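The values are calculated or read from the model by the stated rules, or taken from the named source; none is laboratory data. Given the structure is predicted, the values throughout are model-derived calculations rather than measurements. Note that we place each Cβ from the backbone using ideal geometry, even for glycine, and neighbour counts take in every protein chain shown. When the accessible area is computed, the model is the full protein with side chains, heavy atoms only, and any ligands, DNA or RNA have been set aside. Shrake-Rupley method; radii C 1.70, N 1.55, O 1.52, S 1.80 Å.
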Amino acid sequence: MDAKFKFAQNLIRQATDYVRKRMTEDLQIEEKTRFDDLVTNIDKDTQDFMVERIQQAYPDDYILGEENDLYHDIRFGHVWVLDPIDGTVNFIAQRQDFAIMIAYYEEGIGKFGLIYDVTGDKLYSGGGHFEVTCNGRPLLPYQVRPLNRQLLGANGSMYANNYLGLADFSKELLGVRVLGSAGISMSRVLEGQFFGYCSSISPWDYAAASIMGKKLGYELLTMAGEPLDYKNRQAVMFIPQAEVARVKKIIHK
């Protein structure tokens, strides 16, 4: 496992360099399901770049990727979960606040995850039996603090529409921050900068953070408080395990 973890760290750094070298190009932008659900040629090319290297190094492994209809159930076999650019709208509009993410599973068990904040130059990695670090600096497990001294990361639409009481819950906290990237937002949770994160996201958006978060005392659940299916887009909350009962009580009251 140590060799695969080192391989994944090298791979995500290579993918980051690949994206950085192409950031000044004119983008080819396509709409997926609606006008703000976008993909670029660099999203697709970056995933192809990572897939090729994984297949060369581990030809018997499987891949679940955001682009090009790459799907494999994480419960079966050795599975790499890839998000080549998380926060594509940010990438298009700002050229910042986006991430590259990799997660690795064996028979449904998360072995490690990685999130690279490309413009912030921060690599979050670990989980399983690996220590969770940011650029090699160990991250602390969840530290209990009053809710009214913490921030929440959230999906803007869910917050505006008070989805399942999300806006009501936010009144218990100092405020809400909408960053436009699940990876960046969940890395803030891992750092202890956000209490939690709520959004509607897909497995490649949350797999890496869920593995690292488990090591640090965080849990990923649906907004209804149920386990995720790791197959479809779902409304989720990434919050401290110690606070799950209290959050569910507030949200669903």
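Worth pointing out:
- Considering only S185, F5, I115, and ranking their Cα positions along the charge dipole of the chain that arises from unit charges at the beta-carbon of Lys, Arg, Asp and Glu, the one farthest toward the positive end is S185.
- Taking amide H as placed 1.01 Å from N in the peptide plane, R177 has its amide H under 5 Å from the amide H of L152, G153, A154, each at least 5 places away in sequence or on another chain.
- Accessible area in square angstrom per residue, the chain, 1.4 angstrom probe: 46 Å²
- Between Y58 and S200, the C-beta separation translates, for a Förster distance of 25 Å, into a calculated FRET efficiency of about 0.20.
- Cβ charges +1 (Lys, Arg) and -1 (Asp, Glu), total dipole of the range 147-252, debye: 120 debye
- Of the trypsin sites (Lys or Arg not before Pro) in the range 60-117, those whose Cβ has at most 16 other Cβ within 10 Å and which sit in DSSP loop: R75, R95
- Taking amide H as placed 1.01 Å from N in the peptide plane, the amide H of I63 sits under 5 Å from that of W80, each at least 5 places away or on another chain.
- At most 15 other Cβ within 10 Å, DSSP loop - chymotrypsin sites (Phe, Trp or Tyr not before Pro), the range 60-118: Y71, F76
- The overall shape of the range 147-252, judged from the alpha-carbon gyration tensor, is rounded, with an a/c ratio under 1.5.
- The chain - percent of accessible surface contributed by carbon and sulfur, probe 1.4 Å: 47 percent
- In terms of accessible area, using a 1.4 Å probe and ignoring ligands and nucleic acids, V144, V236 rank largest first as V144, V236.
- Integer Hz, Karplus 6.51/-1.76/1.60 couplings in order for the range 212-224, x for Gly and Pro: 5, x, 4, 5, 9, x, 10, 10, 10, 9, 5, 5, 7
- Loop trypsin sites (Lys or Arg not before Pro), the range 132-221 (other Cβ atoms within 10 Å of the site Cβ: 12 or fewer; DSSP): K171
- Here the Karplus curve 6.51 cos²θ - 1.76 cosθ + 1.60, taken at θ = phi - 60°, turns the phi angles of the range 170-187 into couplings of 4, 5, 7, 10, 5, x, 10, 10, 10, 9, x, 8, 4, x, 5, 4, 6, 5 Hz, with x standing for Gly and Pro.
- Computed from backbone phi with θ = phi - 60° and the Karplus coefficients 6.51, -1.76 and 1.60, the 3J(HN,Hα) list for the range 236-245 is 10, 10, 10, 9, x, 4, 5, 10, 4, 4 Hz; x is used for glycine and proline.
- Rounded Å value of the spacing that divides the Cα centres of the range 1-40 and the range 165-226: 22 Å
- For K214, the lysines whose Cα falls under 24 Å of its own Cα, not counting residues fewer than eight places away in the same chain, are K4, K6, K111, K122, K231, K248, K249.
- For the chain, the convex hull drawn through the C-alpha positions has a volume of 117 cubic angstrom per residue.
- Neighbourhood net charge (11 Å Cβ-Cβ; Lys/Arg +1, Asp/Glu -1) for Q55: -3
- Stretchable slack from V89 to L140, in nm (0.36 nm times residue separation minus alpha-carbon distance): 15.3 nm
- Overall Cα dimensions of the range 1-138 - principal axes, largest extent first, Å: 40, 33, 24
- The gain in end-to-end length when the E131 to A3 segment is fully stretched comes to 44.6 nm, 0.36 nm per residue minus the alpha carbon separation.
- Amide H contacts of K111: Y104, Y105, E106, each under 5 Å away and 5 or more positions distant or on a separate chain (H built 1.01 Å from N in the peptide plane; Pro and chain starts excluded).
- Helical mean residue ellipticity (222 nm; -39500 (n - 2.57) per DSSP H run of 4+; nearest 500) of the chain: -10000 deg cm²/dmol
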